[in-house]
Amino acid sequence: MFNTTITITSIQDAITRLKNVKDGQEFSILLPGLRNFLKTLDIDSQRLMELEQRAYYLVNEYSDKKTKDNLDAAAKQVIEYLEEIMTGSPANDQLLTVLVNYYLFLESLLERPPHKRGGIQKEHLSGLKIQNEYDIQHLLYAYLKPLYPLARAEVSEDTGYGTVRTDIFLDSEHVIEVKCTRNSMKLKKLTEEIEADMVHYNAEHIYFFIYDKEKIIENPQLFRNTYENKVKGKQVHIVIHQPKIL
């Protein structure tokens, strides 16, 4: 007898299956198994209704290609829905709070004296110095990964008019661009980079994480007010850290 339900073992399992869906029949068999799995996570009825809305697609009786395009779009929407659940929904205030609190992580890691009986001693930590944006990206990625398990570093994206590389990719609508100022950098150069990135990324929410190591931004609040909400159709967030020690 034909099996009408697929057993889903994890959100990542569901995402993998959705990426490989070949036709509407396979999609319709997958959805009940996904619903059953989400119920085990205590997903409320309203969010389950949202799954149904995202999974809906039109069948075009005159064009198999258009039907397949609609199916692929629905599968993509369901994947984004699952990514939001898996990441605890990165949008917007929560992620912003996490990024703003990043320096608390650095202070706890590098400035708080380790236990004297531990293997990690103060001299070990003192050797860790942030020198450029690659150092910041490495530490920021490690800081975010437990909170957003699907986060990826250095993801290339074809924008249609060129390829851009996202420093930290959370999902299709939330990306983080890391900046770290240096001795030779002028404020004009920093603003030019930000303005270019604002245009190039397709994501709706772009987070600029600026580690102003050289303190070239004299008025952080004014800087944020200037660039946030500047691009029509996108939400730009500016997070500035001006370190005390590093």
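When only alpha-carbon atoms count, how far does the range 1-143 stretch along each of its three principal axes, as whole angstroms with the largest first?
69, 31, 27
If exposed GluC sites (Glu not before Pro) are those in a DSSP loop with at most 12 other Cβ within 10 Å, what is the longest stretch of the chain that has none?
That gives 62-217 as the longest site-free run.
Not counting ligands, DNA or RNA, and with a 1.4 Å probe, what is Lys186's accessible surface area in Å² rounded to the nearest 10?
140
In the chain, with Lys and Arg counted as +1 and Asp and Glu as -1 at Cβ, which of these residues, Phe105, Leu187, Phe169, has the Cα nearest the positive end of the dipole, that is, farthest along it?
Phe105
222 nm [θ] for the chain, helices only, -39500 (n - 2.57) per DSSP H run of 4+, per residue, to 500?
So the helix-based figure for the chain works out to -14000 deg cm²/dmol.
Using 0.36 nm times the number of residues separating Leu147 and Arg47, minus their current alpha carbon distance, what extension gain do you get?
The span from Leu147 to Arg47 would gain 33.9 nm if fully extended.
In whole Å and largest first, what semi-axes does the C-alpha gyration tensor of the range 175-246 yield when each eigenvalue is scaled by 5 and square-rooted?
So the three semi-axes of the range 175-246 are 21, 12, 11 Å.
Taking every DSSP beta bridge with both residues inside the chain, roughly what % is antiparallel (nearest 5)?
40
Taking 0.36 nm per residue of separation and subtracting the Cα-Cα distance, what length does fully extending Leu104 through Lys215 add?
Between Leu104 and Lys215, full extension yields an extra 38.1 nm.
To the nearest 10 degrees, how steeply does helix 187-200 sit against the main Cα axis of the chain, on a 0 to 90 scale?
So the helix axis and the longest Cα principal axis differ by about 0 degrees.
Please state the charge dipole magnitude for the chain, taken about the Cα centre, from unit charges on C-beta atoms (+1 on K and R, -1 on D and E), reported in debye and rounded to the nearest 20.
760
Rounded to whole Å and sorted largest first, list the principal axis extents of the Cα atoms in the range 18-101.
Rounded to whole Å, the extents work out to 53, 26, 21 Å.
With all protein chains present, how much of the accessible area of the chain (probe radius 1.4 Å) comes from carbon and sulfur, to the nearest whole percent?
51
Are any of the pairs Lys189/Lys234; Lys19/Lys66; Lys122/Lys179; Lys19/Lys179; Lys116/Lys213 more than 26 Å apart by Cα-Cα distance, and if so, which?
Lys122/Lys179; Lys19/Lys179; Lys116/Lys213
Could you tell me the accessible area of Leu18 in Å² (1.4 Å probe, neighbours in place), rounded to the nearest ten?
Looks like 10 Å² after rounding.
Keeping every protein chain present and rolling a 1.4 Å probe, give me the accessible area per residue for the range 33-172 in Å².
62
HN-Hα J couplings of the range 31-38 from phi, Karplus 6.51/-1.76/1.60, θ = phi - 60°, integer Hz, Gly and Pro as x?
So the Karplus estimates, Gly and Pro as x, are 4, x, x, 5, 4, 4, 5, 5 Hz.
Can you give the angle from 0 to 90° between the axis of helix 133-144 and the longest principal axis of the chain, with both taken from C-alpha atoms, to the nearest 10?
Rounded to the nearest ten degrees, it is 50.
Could you give me the radius of gyration and the Dmax of the chain, taking only the C-alpha atoms into account and expressing both in angstrom?
Gyration radius and largest Cα-Cα distance of the chain: 22.0, 74 Å.
For helix 45-55, report the angle its Cα long axis makes with the longest principal axis of the Cα atoms of the chain; keep it between 0 and 90° and round to the nearest 10°.
80
Give the average over all directions of the projected area of the C-alpha convex hull of the range 10-49, one decimal, in nm².
2.8
If I take R0 = 30 Å and measure r between the Cβ atoms of Gln94 and Ser126 in this structure, what FRET efficiency does the formula 1/(1 + (r/R0)^6) give, to the nearest 0.05?
Computed FRET efficiency for Gln94 and Ser126: 0.35.
Top to bottom by accessible area (1.4 Å), largest first, where do Arg17, Arg35 land?
Output order, biggest surface exposure first: Arg17, Arg35.
The values are calculated or read from the model by the stated rules, or taken from the named source; none is laboratory data. What you see is a predicted model, and the numbers here were worked out from it, not measured in a lab. Please note: Cβ atoms are built from the backbone with ideal geometry, for glycine as well, and neighbour counts cover all protein chains shown. Note: areas computed on protein heavy atoms with side chains; ligands, DNA, RNA excluded. Shrake-Rupley method; radii C 1.70, N 1.55, O 1.52, S 1.80 Å.
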